[in-house]
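Written below as structure tokens is the structure these notes are about.
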Amino acid sequence: MLGYLLKRLIQMLLVLWVVSVIVFLMMSFTGDPVFMVVPIDATDAEIAQARRLLGLDQSLMVQYWKFITSLLQGDFGRSYVFRQPAMTLILERMPATVEMVLVAMVLAVVVAIPLGVYAGANPNGRLSRIIMSSSLLGISLPGFWVGMVLIYLFAVNWGIFPSSGRGDTAEILGLRISLLTWDGWHHIVLPAVTLSLGTMAILLRMTRAGMMEVARQDYMKFARAKGATRGDVLYKHGLKNALIPVVTIFGLQLGDLIAFATITETIFSWPGMGKLLIDSIYRADRPVIVVYLMLVALIFVVINFLVDIVYTLIDPRITLK
Amino acid sequence: MTTFLQSEFFHNYTRSSSAIIGSALMALFAFAVLAGPFLVAQNPYDIASLDLMDSYKPPVWLEGGDPRYWLGTDGQGRDVWASILYGARISVFIGLVAMIASCVIGTLLGLIAGFYGGIADSVIMRIADIQLSFPSILIALFLMSAVGTGVDKVLIALTAVGWVVYARTVRGSTLSEIEKEYVQAARVAGLPNHKIIRKHVLPNVLTPLIVIATIQVGTFVLIEASLSFLGVGVPITQPSLGLLIKNGFDVLFSGLWWTSVFPGVAIMMLVFGINLFGDFLRDELNPRLK
Amino acid sequence: MRDAAALSPLLDVRDLRTYFHTFAGTVRAVNGVSFEVGYGEVMGLVGESGGGKSVVGFSILGLIDSPGKIEGGKILLEGQDLVEAGEERLRTVRGREISMVFQDPMTSLNPLHTVGQQMDEVLRLHSDLGTDARHKACVDMLESVGISRAAERLKAYPHQFSGGMRQRVVIAIAMLASPKLIIADEPTTALDVTIQSQILKLMRTQIADKGASMILITHDLAVVSEMADHITVLYCGNVVERGRTRDLIENPAHPYTRGLIDSIPDTTERLDRLSQIPGSVPDIRNLPTGCNFRDRCPRAQALCAKDEPVLTPQHDGLLAACHFPLKAGERP
């Protein structure tokens, strides 16, 4: 167990290191950030001065070394635009993103699993066909467009939900949470629904495929031969087995939600870290982009690790090694 | 041809309503992409053909609609229908070309990894693993933020995202293929590697790629649309369907919904058609790949 | 005693027809099968793969799923027709009165439930015992199938057992509610040869102890000849021959049975006498007219292509469906 954890830790660090190299290289090859910090009428001398201050006059290796050592020392650079530590900027906005992603995930799971189980248990039913066509439509829709249509209908036309912003938040342990206020819930409905649709469709299809696969297994028939009811067999013996593949993609789906949150936040002007990323891309605010990517990479690596742990809890055949 | 008409594949096709609807939608888009410019009088990129007097006309069935513009016009008097036909060309072009590039590069790398093994295999597969643990949209977004907008850059970003799935699939089937006796025999007989790959391995690893490639075109159309919507995809001079939606979004709050809703419907129909047909193909060609 | 049992059998299957309605046509997997299983008797159901043997087993338990359907016939369990019985009644039959042992022990146990949970399920379904009593019953049962440290093993998952051990667990589950009839569908086919005889021995003692009957479904005539009292030979969904084991093995009347017997490797004789039936089982969706076996039969004549033979009494009390049956001691 301890050996496994150590091995995973090394793996995770390795992934983060590779990501840091790629992020650094991509950032170095493209554009010259010096023009982001000097005034438009700067002289050559001033530009050279700024370049020296940013360390851009040194070799790539030296720059990377500085980059990685300052990352390790907790110095993540300052935003060119906000003149604040990039990490602080992102952490301030993280709760907003996390809460939207979580609401979207819960929504997706709550809708997708029962419908997927139903469609998998009754593959030829009329309702199942409708569910499956809708889910295929769900993965064929551009999420941002759905958000837009929702805004047009519910905000512009009917005025039921607000079209943008996060609404009132309540502070708890220093975090600003909108789920604690009625206004916050009111604001989160449209963006969370928009964000959840794609994941909902994929989880649904996975659950259905899992159920159909499981229904063919001998142990299902054996359980019926013992005298268990079809329903019992389906839910007591089938469901857990069917959900194993769903759990394995759960982490990836959570990652997708964080990624697509950038778009959803942009549409709904949701003040999260995703919108900050997009704004920073527009403004070529390199330190913020870098910190966002490194932070998200860390989150993904941790999620994947947790998924593996959950996986072993569900499936006794898998052991950590 | 008659043998194809008698095949089980064709038989199942005629019995599958989703396969027929899917391929009909794909055919519709193929036609629109090829014949688009001949279907509409206006070239939405030719400023001379635009008339500002015609701006913001609603669809023809609404009050104030203009029979010349049945889906309405945008702020420059540009026909939404014409924009969709031209935009679909760009979206489909990007989806197809990026798919082909991903497929070629991914297949090559997969063959190398599977056939030669060793360091090449570890490096290629490690990169693939790391890449797969990140959402494609985020990787594409990051690449676009680094290289800037442009059709060519979108193609590069999509290919960088898309090769992995081919590489993994091809590597897997190559590994199982070279285990087989006839390949072993060819190796022992001294047939050069490139010939073994071309004659024995490649033909046997391609079938599963058909399904992946079909569905990937749809995925790429969606990713491109998202990138363009965020303003880091295609340039304003070559508006894809996604960019049309973005442009329409800016005026949505004034109630001018048609400039953004209809391009979205077009994307939905295209990708839905591809996915319907892709699902059918998967069931037919590779029942276990679910 | 024997006579009384023969008069009213435990299970009486009459003209059973189970069809599968697929897109490619109707598959008559079981097409008019009749046999009886007496109390305490082992009945061997023999045939090549694809002969509809397993479908008979699942039909008896009412476990035929769409697109399959029992289209006709009767399955009388102590006089009560299971074909007509509703799902409610069938659930009390399954596991309680008739239980089943599947071919592959690697797949017939749920990988995510412990062995104990899967055994306990049977008792929860079919007894009023409390938790402790059920646990004790499971421990005893597991010990009686030859698994030591049973209490501990109940907490283990199936993947922690070997194939042979798993089949013991499956047998334990099947015997747990003391059913009257066990349907064993190729119970040893997936196991190592050395394990096979152990498992067969175990099944024989279990059945003898409990006074239960068994239908042993297999393609392996050698296995049934050791285990069974009676044998029913199936070919393409039809019974081609039925009779007492010794008579049928020593002097079969049907050429197909003869072929099956001749293809058993006999350790006492030279191996070059080992023969096999030429050809293969025809496509069950497109059966030939007349006798289904005629394309592979050394005795086939013009009549065989015209008329389908029916079961008729032969020597030694055998029943065979053949226009030109073998006489006692005759070889084709």
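The values are calculated or read from the model by the stated rules, or taken from the named source; none is laboratory data. Everything quoted here is computed from the prediction, not taken from an experiment. Here the Cβ is made from the backbone with ideal geometry for all residues, glycine too, and neighbour counts use every protein chain on show.
When segment A:260-286 is examined, which residues are found to be within 16 Å of the chain's Cα centre (by Cα), surrounded by fewer than 24 Cβ atoms within 10 Å (Cβ to Cβ) and within 11 Å of chain B (Cβ to nearest Cβ)?
Answer for segment A:260-286, where residues must be within 16 Å of the chain's Cα centre (by Cα), surrounded by fewer than 24 Cβ atoms within 10 Å (Cβ to Cβ) and within 11 Å of chain B (Cβ to nearest Cβ): A:266, A:275, A:278.
Scan segment B:257-264 and give yes if some residue there is farther than 25 Å from residue B:113 by Cα, at pLDDT 90 or above and more than 10 Å from every other protein chain (Cβ to nearest Cβ), otherwise no.
yes
What number of residues within segment C:53-95 satisfy the criterion of being under 17 Å from residue C:184 (Cβ atoms), touching a residue at least 60 places away in the same chain (Cβ under 8 Å) and not aliphatic (A, V, I, L, M)?
4
Can you tell me how many residues in segment B:149-159 are within 14 Å of chain A (Cβ to nearest Cβ) and either more than 18 Å from residue A:262 (Cβ to Cβ) or surrounded by 22 or more Cβ atoms within 10 Å (Cβ to Cβ) (or both)?
Of the residues in segment B:149-159, 4 are within 14 Å of chain A (Cβ to nearest Cβ) and either more than 18 Å from residue A:262 (Cβ to Cβ) or surrounded by 22 or more Cβ atoms within 10 Å (Cβ to Cβ) (or both).
Applying the selection to segment C:163-180, what residues are modelled with pLDDT of 90 or more and either in contact with an Asp or Glu (Cβ under 7 Å, 6 or more places away or on another chain) or more than 27 Å from residue C:75 (Cβ to Cβ) (or both)?
C:165, C:166, C:168, C:169, C:179, C:180, listed by residue number.
Does residue C:224 meet the test of being touching a residue at least 24 places away in the same chain (Cβ under 8 Å), touching a Pro at 6+ places or on another chain (Cβ under 8 Å), buried (at least 24 other Cβ atoms within 10 Å of the Cβ) and not in a strand (DSSP E or B)? Before you say what the answer is, go through the steps one by one.
Numbers: touching a residue at least 24 places away in the same chain (Cβ under 8 Å): yes; touching a Pro at 6+ places or on another chain (Cβ under 8 Å): no; buried (at least 24 other Cβ atoms within 10 Å of the Cβ): yes; not in a strand (DSSP E or B): yes.
Criteria not met by residue C:224.
Examine segment A:71-82 for a residue that is of a type outside the set (S, T, N, Q) and assigned to a helix (DSSP H, G or I), and state whether such a residue exists.
yes
Considering segment C:243-259 alone, what residues qualify as being crowded, with 24+ Cβ neighbours inside 10 Å and in contact with a His (Cβ under 9 Å, 6 or more places away or on another chain)?
Those that are crowded, with 24+ Cβ neighbours inside 10 Å and in contact with a His (Cβ under 9 Å, 6 or more places away or on another chain): C:243, C:248, C:253.
For residues that are charged (D, E, K, R) and either within 21 Å of residue C:94 (Cβ to Cβ) or part of a strand (DSSP E or B) (or both), tally how many sit in segment C:42-58.
Qualifying residue count, segment C:42-58: 1.
Taking only pairs six or more apart or across chains, which ones have beta-carbon atoms under 8 Å, a first residue in segment A:287-315 that is within 12 Å of chain B (Cβ to nearest Cβ), and a second residue that is of a type in the set (Asp, Glu)?
Going by the 8 Å Cβ cut-off, there are no qualifying pairs.
Taking interchain pairs and intrachain pairs at least six residues apart, which have beta carbon atoms under 8 angstrom, with the first residue in segment C:21-37 and outside any strand (DSSP E or B) and the second modelled with pLDDT under 90?
Pairs that qualify, where the first residue is outside any strand (DSSP E or B) and the partner is modelled with pLDDT under 90, are C:23/B:15; C:24/C:285.
Find all pairs meeting these conditions: Cβ atoms under 8 angstrom apart; at least six residues apart or on different chains; first residue within segment A:203-229 and closer than 13 Å to residue A:121 by Cα; second residue of a type in the set (Lys, Arg).
Close Cβ pairs satisfying both conditions: A:209/B:290; A:213/B:290.
So residue B:173 fits all but one of (1) among the polar types (S, T, N, Q); (2) under 26 Å from residue A:140 (Cβ atoms); (3) surrounded by 17 or more Cβ atoms within 10 Å (Cβ to Cβ); what number is the exception?
The single condition residue B:173 does not satisfy is (2).
Looking only at segment C:59-105, which residues are more than 9 Å from every other protein chain (Cβ to nearest Cβ), out of contact with any helix residue (DSSP H, G or I) (no Cβ under 8 Å at 6 or more places or on another chain), within 17 Å of residue A:225 (Cβ to Cβ) and not in a loop (DSSP other than H, G, I, E, B)?
Matches in segment C:59-105: C:59, C:60, C:88, C:89.
Considering B:31, B:38, which residue is farther than 20 Å from residue B:94 by Cα, within 27 Å of the chain's Cα centre (by Cα), assigned to a helix (DSSP H, G or I) and among the hydrophobic types (A, V, I, L, M, F, W, C)?
B:38
Kindly indicate whether any position in segment C:140-154 is among the acidic types (Asp, Glu) and more than 28 Å from residue C:93 (Cβ to Cβ).
Within segment C:140-154 (the criterion being among the acidic types (Asp, Glu) and more than 28 Å from residue C:93 (Cβ to Cβ)), the answer is yes, since at least one residue qualifies.
Restricting to segment A:216-251, and then to whatever is surrounded by fewer than 21 Cβ atoms within 10 Å (Cβ to Cβ), facing chain C (nearest Cβ under 7 Å) and part of a loop (DSSP other than H, G, I, E, B), can you tell me which residue is farthest from the chain's Cα centre (by Cα)?
A:229
Every residue, every condition in (1) part of a helix (DSSP H, G or I); (2) charged (D, E, K, R), yes or no:
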position: B:129; (1), (2): yes, yes
position: B:134; (1), (2): no, no
position: B:140; (1), (2): yes, no
position: B:143; (1), (2): yes, no
position: B:152; (1), (2): yes, yes
position: B:155; (1), (2): yes, no
position: B:159; (1), (2): yes, no
position: B:162; (1), (2): yes, no
position: B:167; (1), (2): yes, no
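Check C:133, C:85, C:150 and return the single one that is closer than 30 Å to residue C:53 by Cα and among the hydrophobic types (A, V, I, L, M, F, W, C).
Numbers: C:133 fails: closer than 30 Å to residue C:53 by Cα; C:150 fails: closer than 30 Å to residue C:53 by Cα.
Of C:133, C:85, C:150, the one residue that is closer than 30 Å to residue C:53 by Cα and among the hydrophobic types (A, V, I, L, M, F, W, C) is C:85.
Could you give me the residue pairs with C-beta distances under 9 Å whose first residue belongs to segment C:238-262 and is over 16 Å from residue C:42 (Cβ atoms), whose second residue is of a type in the set (D, E, K, R) and crowded, with 24+ Cβ neighbours inside 10 Å wherever it lies, and which are 6+ apart or on separate chains?
C:252/C:241; C:253/C:241; C:254/C:241; C:256/C:241; C:257/C:241
If you go through segment A:135-180, how many residues are among the aromatic types (Phe, Trp, Tyr) and within 12 Å of chain B (Cβ to nearest Cβ)?
Residues meeting the conditions: 3.
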